[in-house]
Amino acid sequence: MSESVLVEQIYPRLPVFLQNAACWYYGKKEARVRCGKIFEQRLRELMNSEKWSAAEIESYQNEKLRFLIRHAYDSVPYYRERWKALKLSPEDIRNRGDLAKLPVLTKEDVRQNFSRLVSERVSRHELVRRHTSGTTGKALHFYVTNEAIAFQWAIWWRHRMRFGLEPGSWHANFTGKRVVPLDQSSPPYWRWNRPMCQALLTMHHLTPAKISSVMEFLNTNHFDFYSGYPSIIHMLALNAFEAGLTLDAPPRAVVTGAENMLDFQRRDIEKFTGAILTDQYGCSEGCGNASHCPQFVYHEDFEFGILEGAELSPNHPAKSILCTGFGCDAFPFIRYEVGDAGVWQQDGAACSCGRHSRAMTRIEGREDDYVVTPEGARIMRFDYIFKDALNVSEVQIVQEQMGEITARVVRRSSYGAKDEAEISREVQRWISPTIRVRFEYPGEIERGANGKFRAVVSRLKSSASTQASDHANH
Ligand SMILES: [Zn+2]
C-alpha cells in the first residue's frame, strides 16, 4: 500500500487513538534521523563554533567552499558542463568573494536539470526525494540525505537553544499538515507526536467555533514553546482575542519560520503570549539558513552554507538571497536563487550579541495576503495543494468575495480537466470543505511593482490583514 493511500484515505478514518499511534510511529521514525547520533554530533560542533571570530569563520567557509566546488565539478554533470562552457575551473573559486564568478542557479535550472544535479559519488539508496512548490505554485523536486536532514535540525535546535529551549522541550506545533481530519467537528483538535515531544494542532481547526477547545487544551498542557508559521499562530491569537480567551500557561518562547513575520502578526502574537518571539529564515531545499540571535538579528548559520546578497535594483535596500549549501553533497545547490530578499548589515559590523557571522536585519519577499474561509480560518499558504501539480506552471489565488476563491492557473500543455478537478478536491481537503473554487487561465501572471510574485491576493472589502491591524490598535 502506498504511503499516499495511507495518509489520504486510511488515516482520516481511524479513531483518534489510532491516529495518535500513527503520529507516534511516524515521530519515532523521524526522531531516529532528527535526533540521532549525527544530530547530536553536529549540535555539539555548532555550539562550539557559534562565537568564532570573523577570521575563523572566513577560513572555515573558504575551506568548505573549495571542497564543495571541487566535489561539484568532479561529480555533478550539470555544474561540470556549465562551468566548463564558461571556461571556469575549481581553481578559480578560492574564497567566498570568488563565488560571484559562477552563474546563478535558478529554480527553472533545477527543474530542467534535475537528474544531472545528482552527484555521481553518492549511492542511490542514500537519496531521499523531496519536493516543494514555494509560494509560486511551481513544483520543484530535489534530493537530500538523512545526514543533511540531521544537520539542518541541529542548526534549528542551536537557534532554539539561544532562547533557553532544549531538545526534549515540550512544544505545540501549529501546522498545515492534516493530522486532524478536516471534517472533524468535535475535540480533540490535536494529536500527539510524543517521540518528538510535540502536540500537533492544525490550522484548519483554529476557527472561532473551535477556539475555546483549543485554548483549553493549551491551558491544561504546559508547553515550553510554540512553533510554526507566523500566519497560523497569528490566527490562533486573533480568534482567541475575539472570543475573549487568554493563555493561563503561556509558553517561554514562540519559534517561527518558513514565512515572513509581518509586523501586525508579531504585535498580536506578543500580546497574546507575552513570550519572546524568535524567527529563523531557511528554505526547504536545505541549502542555507539564518537564525535570530537574542538581539533579533538574522545571523547566517555560516557552518551550513553561504548566503549572498545579489542586487535586485539600484537603491533597493533588500538584496536577492543566493544560497550555497554545505550540508548536502548529494544534490548541491550553488548560488541558488531562492526567491526571497534580505537587508544585510554592513560587513564587519559587530552585533552586540557577540557573534561575528554575517547578519541580516530583515527578510523581505514572502509577504502575501490571506484568504478567509467560510469557517473563519485565514489561509496564507497554498503550497500544499500545488506540491504535486506538475501540469501547472504557476498559480495565483485571488479572493474577491467571501465563500469563493479564484485559482488563476498558468497551464502547461499537459494540463486537462482532470487537473482542475484534482485542484478543487485538494482545496476542499486542505483549505475548506465549503469554499467554491473558480478557475481562470491567464497566459501569464503579472508581477507587482517591485517585480515580486504575489501568491495570494485578497480583494475582500475589509481584508483580513486590515482587520488584524485594526484589532491590534484596540
Ligand atoms: Zn547578534
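The values are calculated or read from the model by the stated rules, or taken from the named source; none is laboratory data. Here the structure is a predicted model, which means the values were calculated and not measured. FYI the Cβ positions are ideal-geometry reconstructions off the backbone, even for glycines, and counts take in every protein chain you see.
Structure notes:
- Any hit, region 380-398, residues being modelled with pLDDT of 85 or more, part of a helix (DSSP H, G or I) and among the hydrophobic types (A, V, I, L, M, F, W, C): no
- From the list E58, E91, E120, the one residue that fits, being more than 30 Å from Y189 (Cα to Cα) and either in a loop (DSSP other than H, G, I, E, B) or under 23 Å from the mean Cα position of the chain (by Cα) (or both), is E120.
- Residue count for region 349-366 satisfying the condition of being within 14 Å of the ligand (Cβ to nearest atom) and assigned to a loop (DSSP other than H, G, I, E, B): 10.
- Residue in region 110-168 that is modelled with the highest pLDDT, counting only those that are under 18 Å from G36 (Cα atoms) and β-branched (V, I, T): I155
- There is at least one residue in region 309-319 that is part of a strand (DSSP E or B), more than 16 Å from the ligand (Cβ to nearest atom), in contact with a Gly (Cβ under 8 Å, 6 or more places away or on another chain) and in the same structural domain as T132 (by TED's automatic domain parsing).
- Residue match in region 74-91 (condition: within 30 Å of H159 (Cα to Cα), assigned by TED's automatic domain parsing to the domain that holds S115 and touching a residue at least 12 places away in the same chain (Cβ under 8 Å)): no
- Filter result (charged (D, E, K, R), outside any loop (DSSP other than H, G, I, E, B) and farther than 29 Å from A72 by Cα) within region 123-173: R160
- When G327, G339, G282 are screened for being at positive phi and not acidic (D, E), only G339 passes.
- Out of H234, H292, H299, sole residue that is at pLDDT below 90, closer than 20 Å to F163 by Cβ and either crowded, with 19+ Cβ neighbours inside 10 Å or of a type in the set (V, I, T) (or both): H234
- Scanning region 263-284 for residues that are in a loop (DSSP other than H, G, I, E, B) and at pLDDT 90 or above, we see that the one that is surrounded by the most Cβ atoms within 10 Å (Cβ to Cβ) is A275.
- Scope region 223-262; condition part of a loop (DSSP other than H, G, I, E, B) and touching a residue at least 60 places away in the same chain (Cβ under 8 Å); matching residues: Y229, P251, R252, E259, N260, L262
- Residues satisfying the criterion are absent from region 18-33 (criterion: closer than 27 Å to R358 by Cβ, acidic (D, E), in contact with a helix residue (DSSP H, G or I) (Cβ under 8 Å, 6 or more places away or on another chain) and in the same structural domain as R116 (by TED's automatic domain parsing)).
- Residue in region 289-298 that is away from the ligand (no atom under 14 Å from the Cβ) and part of a loop (DSSP other than H, G, I, E, B) present: no
Let's see how each residue does on (1) at negative phi; (2) polar (S, T, N, Q); (3) surrounded by fewer than 21 Cβ atoms within 10 Å (Cβ to Cβ):
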position: R162; (1), (2), (3): yes, no, yes
position: P167; (1), (2), (3): yes, no, yes
position: L182; (1), (2), (3): yes, no, yes
position: L201; (1), (2), (3): yes, no, no
position: L206; (1), (2), (3): yes, no, no
position: A209; (1), (2), (3): yes, no, yes
position: S212; (1), (2), (3): yes, yes, yes
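- Residue list for region 391-408, restricted to those being in contact (Cβ under 8 Å) with a residue 40 or more places away in the chain and of a type outside the set (G, A, S): V392, E394, V395, Q396, I397, V398, Q399, E400, Q401, M402
- A72 being aliphatic (A, V, I, L, M) and surrounded by fewer than 16 Cβ atoms within 10 Å (Cβ to Cβ): no
- Pairs with Cβ under 7 Å, 6+ apart, first in region 154-172 and of a type in the set (G, A, S), second part of a loop (DSSP other than H, G, I, E, B): G164/R252; G168/C197; S169/C197; S169/D224; A172/F223
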